[in-house]
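Let me begin by presenting the structure, written as structure tokens, before commenting on it.
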Amino acid sequence: MIAPNSARASTLRILGRAGLVALAAISLSACGHKGGRPKADLAASKITTIGVNSYLWRASLEAVTFMGLVQADSAGGVIVTDWYINPNNPNERMKVTVTILDQDLRADALRVAASRQSNANGVWVDAPVQAATVQKLEDVILTRARDLRRQASGVK
């Protein structure tokens with residue numbers, strides 16, 4: 001036969017556990033409340049969940065990833081590539097730095113800088129970069145960023 005005190009303690013433990021489970025369920029149900037929250041405009045020009053405009057960031061990564069990345073800081077908006085040697089021209093190499101300066105998708109929110117070196121008798125020597133090269137890369141990035149924005153908004 002079970003002593004009355006131990007049966008009572010067992011019942012209290014069961015009720016206590018049930019109460020804790022009920023309290024946890026009530027608390028967690030409040031986590032899923034979505035009432036009153038505004039819906040995000042995914043295609044807005046100002047997307048800042050990573051610190052800089054996400055369309056410019058993604059387009060920049062797509063444009064230079066083939067070169068190999070040394071640094072990619074989404075909070076600061078800086079992408080630095082490694083030296084890239086074009087297989088068709090092994091005596092030249094390029095390095096690119098892309099900086100995103102703003103949270104809006106605008107042409108002046110992007111800056112591209114490039115360095116070029118040529119191989120002279122086994123020594124890499126700095127060489128000038130044509131301004132058109134940097135301008136072309138900026139245009140590629142901006143065009144792709146605009147395309148990404150259009151895709152996000154569903155406009156074709």
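Each reported figure results from applying straightforward, stated rules to the coordinates on display, with no laboratory input. Given the structure is predicted, the values throughout are model-derived calculations rather than measurements. Methodologically, a virtual Cβ is constructed for each residue, glycine included, from the backbone with ideal geometry; neighbour enumeration extends over all protein chains shown.
Computed values, structure above
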{"read-out": "Ordering of 55-66, 121-132, 136-147, 76-87 by packing [mean C-beta count within 10 Å, highest first]", "value": "55-66, 136-147, 76-87, 121-132"}
{"read-out": "Using θ = phi - 60° and Karplus 6.51 cos²θ - 1.76 cosθ + 1.60, couplings along the stretch 116-131 (whole Hz; Gly, Pro as x)", "value": "10, 9, 10, 8, 10, 6, x, 10, 7, 10, 4, 9, x, 9, 5, 4"}
{"read-out": "Environment charge of residue 125, counting only residues whose C-beta is closer than 15 Å and scoring Lys/Arg +1, Asp/Glu -1", "value": "+1"}
{"read-out": "Karplus-derived HN-Hα couplings along the stretch 69-74 (A = 6.51, B = -1.76, C = 1.60, θ = phi - 60°), whole Hz, x at Gly and Pro", "value": "9, 9, 8, 9, 10, 6"}
